[in-house]
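Trainee: Here you go, one structure.
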Amino acid sequence: MSILKSLSLFFLAGLCEIGGGYLIWLWFKEDRSIWYGISGAVLLALYGVVATYQTASFGRVYATYGGVFIILSLLWAWKVDHFKPDRYDIIGALVCIVGVLSCSTPRAPIKQPAAIAAEIKTNPR
């Protein structure tokens, strides 16, 4: 999967999750219409579906998405809630970016112990 497609899916999943949670928050905490809650629930369900379009393993996808989610949450708070992130928020987001890059970097497959033992038997030193 291309990096651009994967990032687009992370962004869409983040909008669904954060937007859905925000709508439920407005309904439950700020006495908005029940339709806010229903719309939020639909967006949260869509979030679960959007994430399945990633092609990497579940654990790696969700670990990477966790960092993306933190960054998107801070951006949402800044733009929608008019919350100004302080330097510690920004430092935390930068740490998350490092984590996202670490989790999403392609790597060579890890050999299983049985494969290593077979290789040693066939190619003794």
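Trainee: Being surrounded by 14 or more Cβ atoms within 10 Å (Cβ to Cβ) and either small (Gly, Ala, Ser) or in contact with a His (Cβ under 7 Å, 6 or more places away or on another chain) (or both) is the filter here; which residues of region 93-104 pass it?
Mentor: Of everything in region 93-104, those that are surrounded by 14 or more Cβ atoms within 10 Å (Cβ to Cβ) and either small (Gly, Ala, Ser) or in contact with a His (Cβ under 7 Å, 6 or more places away or on another chain) (or both) turn out to be ALA93, GLY99, SER104.
Trainee: Six or more apart or on different chains, Cβ under 8 Å: which pairs go from a residue in region 79-93 that's without any contact (Cβ under 8 Å) to a residue 40 or more places away in the chain to one that's outside any helix (DSSP H, G or I)? Could you list them?
Mentor: Once the first residue is without any contact (Cβ under 8 Å) to a residue 40 or more places away in the chain and sits in region 79-93, its partners that are outside any helix (DSSP H, G or I) give ALA93/PRO85.
Trainee: Another question, if that's okay. From ILE90, ILE71, ILE34, which residue is within 21 Å of the chain's Cα centre (by Cα), at negative phi and surrounded by fewer than 16 Cβ atoms within 10 Å (Cβ to Cβ)?
Mentor: Only one candidate qualifies: ILE90.
Trainee: Just a yes or no: is a residue in region 42-61 farther than 19 Å from LEU9 by Cα, within 14 Å of the chain's Cα centre (by Cα) and at pLDDT 75 or above?
Mentor: no
Trainee: Hey, another quick one. May I ask you to list the residues in region 57-90 that are in a helix (DSSP H, G or I) and of a type in the set (Val, Ile, Thr)?
Mentor: If the condition is that a residue be in a helix (DSSP H, G or I) and of a type in the set (Val, Ile, Thr), then VAL61, THR64, VAL68, ILE70, ILE71, ILE90 are the ones that fit.
Trainee: Now for a different question. Going residue by residue through region 20-30, is there one that turns out to be surrounded by fewer than 14 Cβ atoms within 10 Å (Cβ to Cβ) and assigned to a helix (DSSP H, G or I)?
Mentor: Yes - at least one qualifying residue is present in region 20-30.
The values are calculated or read from the model by the stated rules, or taken from the named source; none is laboratory data. All of these numbers come straight from a predicted model, not from anything done at the bench. Don't worry about glycine lacking a Cβ; one is built from the backbone with ideal geometry, like all the others, and counts go over all protein chains shown.
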